[in-house]
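Following: one structure in structure tokens, then a few remarks.
The values are calculated or read from the model by the stated rules, or taken from the named source; none is laboratory data. Since we're looking at a predicted model, the values are computed, not measured. With ideal geometry, Cβ positions are generated from the backbone for all residues, glycine too; neighbour counts draw on all protein chains shown. Accessible surface is based on the protein model in full, side chains and every heavy atom, while ligands, DNA and RNA are left aside. Shrake-Rupley method; radii C 1.70, N 1.55, O 1.52, S 1.80 Å.
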Amino acid sequence: MGCKNCCNACLQCLFGYETNVMLVINNKGVGALFRLIQFLIIAYVAVYVCWIQRAYQDTDSVISSVSTKVKGNILTNSPIEGVHVWDVPEYVIPPQGENTFFVLTNVILTPGQRQSKCPETPSEVTKCESDSDCKEGYSDVHGNGVQTGHCVQYSDKIKTCEVQAWCPLENDANIPKPAVLSAAEDFTVLIKNNIQYPKFKFKKRNILPHINSTYLKSCMFNRKTDPDCPIFRLGDMVTEAGEDFSVMALKGGIIGIFIDWNCDLDFSERFCIPKYSFSRLDNKNPENNVAPGYNFRFAKYYKINESIDTRTLIKAFGIRFDVIVFGMAGKFNIVPTIVNLGATLAFLSLTAAICDWVMLTCMKDRDNYAKHKFIHLNQNGDNMPLSSMEASSYGTP
Amino acid sequence: MGCKNCCNACLQCLFGYETNVMLVINNKGVGALFRLIQFLIIAYVAVYVCWIQRAYQDTDSVISSVSTKVKGNILTNSPIEGVHVWDVPEYVIPPQGENTFFVLTNVILTPGQRQSKCPETPSEVTKCESDSDCKEGYSDVHGNGVQTGHCVQYSDKIKTCEVQAWCPLENDANIPKPAVLSAAEDFTVLIKNNIQYPKFKFKKRNILPHINSTYLKSCMFNRKTDPDCPIFRLGDMVTEAGEDFSVMALKGGIIGIFIDWNCDLDFSERFCIPKYSFSRLDNKNPENNVAPGYNFRFAKYYKINESIDTRTLIKAFGIRFDVIVFGMAGKFNIVPTIVNLGATLAFLSLTAAICDWVMLTCMKDRDNYAKHKFIHLNQNGDNMPLSSMEASSYGTP
Amino acid sequence: MGCKNCCNACLQCLFGYETNVMLVINNKGVGALFRLIQFLIIAYVAVYVCWIQRAYQDTDSVISSVSTKVKGNILTNSPIEGVHVWDVPEYVIPPQGENTFFVLTNVILTPGQRQSKCPETPSEVTKCESDSDCKEGYSDVHGNGVQTGHCVQYSDKIKTCEVQAWCPLENDANIPKPAVLSAAEDFTVLIKNNIQYPKFKFKKRNILPHINSTYLKSCMFNRKTDPDCPIFRLGDMVTEAGEDFSVMALKGGIIGIFIDWNCDLDFSERFCIPKYSFSRLDNKNPENNVAPGYNFRFAKYYKINESIDTRTLIKAFGIRFDVIVFGMAGKFNIVPTIVNLGATLAFLSLTAAICDWVMLTCMKDRDNYAKHKFIHLNQNGDNMPLSSMEASSYGTP
């Protein structure tokens, strides 16, 4: 009998089905509350978790490659330089179009600089009366060179400390106004952007499949009429960012070109299209700022003869365009689905706890309910007399 | 007695253990179904969630720093330039090796340009019969300069609008074929990549600890024989990307060098090694495209004398290599573990609901089961007569 | 009666409230265990999940734009070049301050190079005895040009293969020591960093609102006294990274400037401030390395006359600073909250399973408990005699 008994027990263990014994209470109030909470939780899952947050999806971040190409020419006619046509190799710096490109809009040229000595530009720190005010070898962080220790005539009235530097020094006190290349707002830029979501083996580019070469040769991005054209007019981008090109051209700035590739890959690939937006990234507010705008200096070096180097220093003001590609792709995946549904199911069990609590504390029949819901067993294994239990209403679910 | 009673109740509340009363049904069918569903859920958790998706791990995205160094020399012998050796400072642009580097493969040189007037290159738009066809100050986006308003002789037969520009204009109608630097496929590039996962304070680089300097001086990446060597032959990378170097060299293009640092940090650090892959990022298809390939223009500026600037315009075709580092590290963390296991446990409770439903609707003994599973209580607190209950089978779990 | 009955059943189905029948066992041991496990799980959720891991938050990754501006001048006095002042356009390469900038610290100049023939620098590979040791057209990866096939005198004692190259060749055997621009440690850099968390429509920059322009003109970052100043002394950053500037200046290297924007957006915006840290990214260890340090070559091109190009080759050693912006913002969101709380609730159900198991296997009263907990029903629908059931203790929850 032992073995047979044992086998029997095992089978029972494996195939004996256990189910909770339920107390069904025919109370419309609690019943309605119970259904209401259940409905709310299920509605929340259906609408918010699934529909709005798409929590059933696995996600991946975008990987992107950008190339850009600016087009346009400008003719300027300045007293110093004469008639000059600026073309792409001159005003796009660096010339290679990557995800950040800079378009020159204003410029201060200082031609003919060479290593020599000259008076520093006047400021609080550099003005002097005699050599004793200057310190040989001292280099001010905001200065243009290294002091020689001499105090020399800057102009008829002003004496400043002499510096060893690339002389003559640049005079950037007066920024050309209007900007030298303010017509740059008519330039266009072609932005090519290839993205991929490696987790989903998904690749796409911002030149959409339905666009043909003929259209690309003549189109111009317009949010309403040409939202898919990857060619942008600089002035339009600055305007969309809420700025005035002619003002921004004076001192420069940074414009972000945001390409948003958020995609729901459960839908067809053709719904996964880039959304462009533009905003100014630097702070134009002169308060709480230092060096507003965007500029940098570079130089073109020349040799007059074997031994003498000369250079043209260029202080370049302009607009740096940062192409910032971001996005998340989502695709159905069983793990987040299970996690989200499971967690919600667990919440459904809270419903029962709440209703039990309501039933056992607020209902006038609570003692009767408790009597049927709880079977008391004291340490002796006997059912406790109910009278002593009535204080112990509801504990934990 | 009040206080004693109260204390008693409190203790009971705290230490009285509540457990569900279970109905054990000795039905092999439902029992087997119950165990099967339980087994499936547990198997899913073990295999898919834990093993494949590693959902018990916390994750972090890679932070990366890349430096690159190209090596190689090429000798060209063109009628215009004569014998010329190209070395790294000439063909790598910009010269500083960052995560994106460009290797020149083809080039159109236009030496001796200076600011002056010359006839525009002929096209639909620029051809003219008389001055009235040209518009002073007009600058075509695809043109090379700003029109002066004159119609001048371009060649014996063709007249085009005159432009103020850097003259003579570049003639890029004929791209050198084969590419000037087609031998660039033998160049090599050393890629140094340092990564970190800040959340896990994990740092590593692509030069693995077991690699010594001697090996590094002579090795070359090969997927089979040298998968850890960080030195790559350009031609090999292009071939792995499925392209023909000599064809790609003509008009240029963009190759992505993907370094995948996906790591399971629960294992030893030495299993965390980079995986390299290569693919072409731009679109070589001439349909649905504009400006295929990859090129840009830059110039070298010279001074003939104090006042006259001249430049050599270079239209550079070549291959841009984008080193794209991506990856996720995972490490055991209690939060996602609890979340995933908890959610699965919640799913186990679904099992009971399904089996209850089967038991109470499909089994022939269903009335008997229902009678034992459900204890009915009507609003008067009395047990309802079972006869009126038999229609109400199974409600909610 | 049929319809009334049916309606009745439906209503019962909808509003009949079902609740588990519970067995309350007055056993202090199991009760205490039950409460303890419950307490531990709730404590874990409260402290770890909510407080430390903030698992109730939705997260977003930072999007960033960086601009940098270096300031400072250095005077050098070398026998070749004479007195020379280095300013920003000369030593910052490329001149435009993006998120990666390079500061020249050491330099090997090779002026007057032009396309011609000269003996290769001596090495194992390039030394020769006669022309037969050299191979016309061969270009060694580590060499400087393309061999002509001749073996020529390099010095009195050494003969090397002749190469077509930019001659004279650079001699980089002796790196200037101390570094030419070792004083660069006093340079300062202003880092402007604008970030945004697009999911939360949150924007901020590293120049905090309470900082005014006057302070910005004179401040210098100091972890203790000026932690919010965005102007950094190069030497300080290198020191914080645990390196010696004068040593690093010799051969160059890469320093990471990490800006950590981890923010809890449930708190006020003003607590969301950047944390700066610095560390060396390249490997300075000469073992297990190739080309330690950081250097690259570039050239300045000159024209002696219409036909002859000459260039000054510059081997630039220096420190590349990579500004690496990272961070995650978290904000309360109902989905992760529900998921985490729900999953924890599901774990609470485990508690009951554990306690049941303890109660039904370890307690001496276990048979009595089992008798009350389990109601057995055999396939005939009758209650099974308890005697045959006692072996079957506890199955599954």
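Tally up the carbon and sulfur contribution to the accessible surface of the protein assembly as shown as a whole percent, 1.4 Å probe, everything protein left in place.
Values: 30670 of 54100 Å².
The C+S portion of the solvent-accessible surface of the protein assembly as shown is 57 percent.
Hey, what did the stretch A:7-97 get for relative contact order, percent, Cα under 8 Å, at least 6 apart?
Working: 33 pairs, mean separation 12.8, N = 91.
Result for the stretch A:7-97 is 14 percent.
Once you list every other residue whose beta carbon is under 11 Å from the beta carbon of A:Q153, what net charge do they have if Lys and Arg are +1 and Asp and Glu are -1?
Details: positive: A:K157, A:K159; negative: A:D156, A:E162.
Taking every other residue near A:Q153 into account, the sum is 0.
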Open item on the list: Could you tell me how many cubic angstrom of Cα convex hull volume the stretch A:10-150 has per residue?
Closed with: 496 Å³
Open item on the list: Contact order normalised by length for chain A, with contacts defined as Cα pairs under 8 Å and 6 or more residues apart; what percent is it?
Closed with: 20 percent
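Over 18 Å between Cα atoms, which of A:K199/C:K201; B:K224/B:K331; B:K69/B:K217; A:K315/C:K69 qualify? Let's see the in-between values first.
Values: A:K199/C:K201 27 Å; B:K224/B:K331 29 Å; B:K69/B:K217 13 Å; A:K315/C:K69 13 Å.
Distance filter (> 18 Å) returns A:K199/C:K201; B:K224/B:K331.
Rounded, prolate or oblate: which fits the protein assembly as shown when a ≥ b ≥ c are the square roots of the eigenvalues of the alpha-carbon gyration tensor, with rounded for a/c under 1.5 and prolate only if a/b beats b/c? Don't skip to the end; give the middle numbers.
Numbers: a/c = 2.40, a/b = 2.39, b/c = 1.00.
Prolate, because a/c is 1.5 or more and a/b exceeds b/c.
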TODO: Rounded, prolate or oblate: pick one for the stretch A:138-198, where a ≥ b ≥ c are the square roots of the eigenvalues of its C-alpha gyration tensor, a/c under 1.5 means rounded, and failing that, prolate if a/b is larger than b/c, else oblate.
DONE: oblate
- [ ] Give the accessible area for B:D244 in Å² (nearest 10); use a 1.4 Å probe, count only protein heavy atoms, and leave out ligands, DNA and RNA.
- [x] 80 Å²
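Please get the size of the charge dipole for the stretch A:125-219, origin at its Cα centre, with Cβ charges of +1 on Lys and Arg and -1 on Asp and Glu, quoted in debye to the nearest 20. Walk me through the numbers on the way to the answer.
Working: 12 positive and 11 negative charges, 310 e Å.
Roughly 1480 debye, rounded to the nearest 20.
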TODO: At 1.4 Å probe size, with no ligands or nucleic acids counted, give the accessible surface of B:I42 in Å², nearest ten.
DONE: 100 Å²
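So what's the convex hull volume per residue for the Cα atoms of the stretch B:145-247, in Å³? Don't jump to the answer; show the numbers that get you there.
Details: hull volume 23.7 nm³, N = 103.
For the stretch B:145-247, the hull spanned by Cα atoms encloses 230 Å³ per residue.
If R₀ is 30 angstrom, what is the calculated FRET efficiency for the pair C:A353 and A:C7, using the beta carbon separation as r and rounding to 0.05? Provide the component values of the computation, followed by the final result.
Working: r = 25 Å, r/R0 = 0.85.
That gives a FRET efficiency of 0.75.
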TODO: Rank B:G145, B:G82, B:G330 by mean-square fluctuation in a GNM of chain B with C-alpha springs under 10 angstrom and give only the top-ranked residue.
DONE: B:G82
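Cβ under 10 Å from A:I195's Cβ, A:I195 left aside: what net charge do those residues give with Lys, Arg +1 and Asp, Glu -1? Don't jump to the answer; show the numbers that get you there.
On the way: positive: A:K203, A:K204, A:R205; negative: none.
Taking every Cβ under 10 Å from that of A:I195, the sum is +3.
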TODO: Report the charge-dipole magnitude of the stretch C:4-132 in Debye, nearest 20, computed about the Cα centre from +1 at each Lys and Arg Cβ and -1 at each Asp and Glu Cβ.
DONE: 1020 debye
- [ ] Starting from a label point 7 Å past Cα on the Cβ side, list the distances from A:K201 to the same position in the other copies, nm, shortest first.
- [x] 4.0, 4.0
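Loop-only trypsin sites (Lys or Arg not before Pro) in the stretch C:255-321, please: DSSP not H, G, I, E or B, and at most 14 other Cβ atoms within 10 Å.
Numbers: sites: C:R270, C:K275, C:R280, C:K284, C:R297, C:K300, C:K303, C:R311, C:K315, C:R320; in loops: C:K284.
Answer by residue number: C:K284.
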- [ ] Could you give log10 I(q)/I(0) at q = 0.10, 0.15, 0.23, 0.25 Å⁻¹ for the stretch B:277-377, computed by the Debye formula over C-alpha point scatterers of equal weight, without solvent?
- [x] -0.70, -0.91, -1.21, -1.27
TODO: May I ask you to rank C:F298, A:F267, C:F258 by accessible area, largest first, using a 1.4 Å probe over the protein chains only?
DONE: A:F267, C:F298, C:F258
TODO: Please say if the stretch B:216-289 is rounded, prolate or oblate, where rounded means a/c under 1.5 for a ≥ b ≥ c the square roots of the C-alpha gyration tensor eigenvalues, and otherwise the choice is prolate for a/b larger than b/c and oblate otherwise?
DONE: oblate
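Over all residues in C:159-171, what is the mean tally of Cβ atoms on other chains that come within 10 Å of each residue's Cβ? Before the final figure, lay out the partial values.
Numbers: counts 0, 0, 0, 0, 3, 6, 4, 7, 1, 0, 0, 1, 0.
Average neighbour count from other chains, rounded to a whole number: 2.
What Kirkwood hydrodynamic radius do you get for chain B when you take the inverse of the mean 1/r over all pairs of distinct Cα atoms, in Å? Don't skip to the answer; put the middle values down first.
On the way: mean 1/r = 0.0342 Å⁻¹.
Kirkwood hydrodynamic radius for chain B: 29.3 Å.
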- [ ] Please give the per residue accessible area of the protein assembly as shown, computed with a probe of 1.4 Å over protein heavy atoms only, in Å².
- [x] 45 Å²
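Restricting attention to the stretch C:155-245, which trypsin sites (Lys or Arg not before Pro) occupy a DSSP loop and are surrounded by at most 12 other Cβ atoms within 10 Å?
On the way: sites: C:K157, C:K159, C:K192, C:K199, C:K201, C:K203, C:K204, C:R205, C:K217, C:R223, C:K224, C:R233; in loops: C:K157, C:K201, C:R223, C:K224.
Loop-located and lightly packed - C:K157, C:K201, C:R223, C:K224.
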- [ ] For B:C50, go 7 angstrom from Cα along the Cα-to-Cβ vector, then report the distances to that same point in the other copies in nm, smallest first.
- [x] 3.0, 3.0
TODO: Give the residue from B:C219, A:G29, C:V88 lying farthest towards the positive end of the charge dipole for the protein assembly as shown; charges sit on Cβ (+1 for Lys and Arg, -1 for Asp and Glu) and the dipole is referred to the Cα centre.
DONE: A:G29
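Give the longest segment of chain B that steers clear of GluC sites (Glu not before Pro) in DSSP loops with at most 11 neighbouring Cβ atoms within 10 Å, not counting the sites themselves.
Details: sites that count: B:E124, B:E129, B:E287, B:E306.
For GluC sites (Glu not before Pro) (loop position, at most 11 other Cβ atoms within 10 Å), the longest site-free span of chain B is B:130-286.
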Open item on the list: Given a 1.4 Å probe, show me the residues in the stretch B:22-42 buried by at least 40 Å² of accessible surface when comparing the whole protein assembly to the chain alone.
Closed with: B:M22, B:L23, B:V24, B:I25, B:N26, B:K28, B:F34, B:R35
Task: Ascending list, in nanometres, of distances separating the C:D244 label from those of the other copies (7 Å, Cα toward Cβ) - done: 5.7, 5.7
Open item on the list: Could you give each residue of the stretch C:296-307 its phi-based ³J(HN,Hα) in whole Hz, using Karplus coefficients 6.51, -1.76, 1.60 with θ = phi - 60°, and x for Gly or Pro?
Closed with: 7, 10, 9, 9, 9, 9, 10, 10, 6, 9, 3, 10
- [ ] Could you state how much accessible area A:L313 has, in square angstrom rounded to the nearest 10, with a 1.4 Å probe and all protein chains kept in place?
- [x] 10 Å²
- [ ] With only Lys, Arg, Asp and Glu charged, each at its Cβ (+1 for the first two, -1 for the last two), find how big the charge dipole of the stretch B:58-99 is about the Cα centre; round to the nearest 20 debye.
- [x] 220 debye
TODO: For A:L33, B:L23, write out the residues from largest to smallest accessible area, computed with a 1.4 angstrom probe and no ligands counted.
DONE: A:L33, B:L23
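Please list B:C167, C:C7 from largest to smallest accessible area, probe radius 1.4 Å, with all protein chains kept in place. Intermediate values should be presented prior to the final figure.
On the way: B:C167 10, C:C7 75 Å².
The ranking, largest first, comes out as C:C7, B:C167.
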- [ ] Determine the distance separating the Cα centre of the stretch B:261-290 from the Cα centre of the stretch B:36-64; give it in Å without decimals.
- [x] 24 Å
